[in-house]
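*Asks:* The structure follows.
Just so it is clear, none of the values below were taken in a lab; they were calculated from the coordinates. As the structure is a prediction and not an experimental result, all values here were calculated from the model. Counting neighbours? That spans all protein chains shown, and the Cβs are built from the backbone with ideal geometry, glycine included.
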Amino acid sequence: WVVHAGIGTTQALGRAGSVPPIDLGRVTPDPSALACLPQETCLEYGVLPISKNGDILTIALSDPFDVLLLDDLKRRAGCQIRQVVSQPTTVKRALERVFQTGAKQVESLLDEANLNAGDIEVKSSTEVEDIDLAGTATGDDAPAVKLINLMLLRALKEKASDIHIEPGDKQLRVRYRVDGNMKMAMTPPKSILNALISRLKIMSQLDIAERFTPQDGKFQIRYEGRTIDFRLSILPVVGGEKAVMRILDGGSLALKLETMGYETRSLEDIRKAINAAYGVLLITGPTGSGKSTT
């Protein structure tokens, strides 16, 4: 049989999978349902939690036959899943409306950038380049300059150790590493990826024309009267280029050993080792465990 695209396709899928269709344009998701799944998961899988009744979570999706997806959603949400079906484009629009992704999020981010104008200055390795968040760039470069500066400003305020810019199928993921845990920061549209990566390459004096070779660089910014170093790594991946920035904030490392949470026995061992006439004190651990701080 042949079904015309649109509502007919949705109804046909629903009948074939015994899943009721839903008009997402007339539905407002329940906040308690949205809290059951992370925003990152909803955007990655193209699903939207609608409501929760006891141990049953109703989720709108476009493919009711993806059994593996349903099992994964059930595990992540920790409850039973009830499906309702809608068109992929409708689900995408609903996700953009609920989570304010895409162009709307860029507009709000740029508004926030303008409000924080002048909070940071970007320094190149050879000369100081005074660039505030309002920016002097024009045309297509201005949004990228503002967004990059806003990412840096937010990361510093949240005391993040790393910034990850990762291309997905339809949008970017900007994540911060805070206390060793990855945290979603924003999801701008993928159309701005090249501009963001080019801005980072310019700041680090890398080759902006080279997009298929890994590159490493560094840059500095001035924030609240102190200089902060950033190490940049850019890697070609499926869908574009991925960027990772390590934040090296020397001003935040002025701590005392007693304030770092070491157990009494460990603190005694450390003091004995650093006061010894010779030897090596070896500090190891995963990313974000406190090696640099120690």
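*Asks:* Given H placed on each backbone N at 1.01 Å, which residues far from LEU172 in sequence or on other chains put an amide H within less than 5 Å of it?
*Replies:* LYS190
*Asks:* OK, next. About the Cα centre of region 39-81, what is the dipole size in debye to 20, counting +1 per Lys and Arg Cβ and -1 per Asp and Glu Cβ, all else neutral? Don't skip to the end; give the middle numbers.
*Replies:* Working: 4 positive and 7 negative charges, 40 e Å.
Roughly 200 debye, rounded to the nearest 20.
*Asks:* Right, next: Report ³J(HN,Hα) in whole Hz for each residue of region 274-279, in order, from the Karplus equation J = 6.51 cos²θ - 1.76 cosθ + 1.60 where θ = phi - 60°; Gly and Pro get x.
*Replies:* Rounded to whole hertz, the list is 6, 9, 6, 6, 7, x.
*Asks:* Equivalent-ellipsoid semi-axes (√(5λ), Cα gyration tensor) for region 165-215, whole Å, largest first? Can you show the working numbers first?
*Replies:* Working: eigenvalues 94, 43, 18 Å².
Output for region 165-215: semi-axes of 22, 15, 9 Å.
*Asks:* Something else: For region 224-294, what is the Kirkwood hydrodynamic radius in Å, using each pair of distinct C-alpha atoms? The partial results should precede the final answer.
*Replies:* Working: mean 1/r = 0.0647 Å⁻¹.
Averaging 1/r across every pair of different Cα atoms and inverting gives 15.5 Å.
*Asks:* Okay, moving on. Taking only the Cα atoms of region 176-243, how large is their convex hull per residue, in Å³? Intermediate values should be presented prior to the final figure.
*Replies:* Details: hull volume 8.2 nm³, N = 68.
Cα convex hull per residue, to the nearest whole number: 121 Å³.
*Asks:* Give me the log10 of I(q) over I(0) for region 138-193 at q = 0.15, 0.18, 0.20, 0.23 Å⁻¹, as the Debye formula computes it from C-alpha points; what are the numbers?
*Replies:* Evaluating at q = 0.15, 0.18, 0.20, 0.23 Å⁻¹ gives log10 I(q)/I(0) of -0.43, -0.61, -0.73, -0.90.
*Asks:* Please work out the ratio of the alpha-carbon Rg of region 30-75 to 2.2 N^0.38 Å and round it to two decimals. Mind dumping the intermediate values first?
*Replies:* Working: Rg = 10.0 Å, N = 46, 2.2 N^0.38 = 9.4 Å.
Scaled against compact globular proteins, the figure is 1.06.
*Asks:* Tell me, what are the semi-axes, in whole angstrom and largest first, of the equivalent ellipsoid of region 175-294 as set by the roots of 5 times the Cα gyration tensor eigenvalues? List each step's numbers first, then the result.
*Replies:* On the way: eigenvalues 264, 49, 45 Å².
Each semi-axis is √(5λ); the values are 36, 16, 15 Å.
*Asks:* Using per-residue counts of other Cβ atoms within 10 Å, averaged over each peptide, order 207-215, 84-92 from highest down. Could you put the intermediate results ahead of the total?
*Replies:* Numbers: 207-215: 11.7, 84-92: 18.9.
Those peptides, ordered most packed to least, come out 84-92, 207-215.
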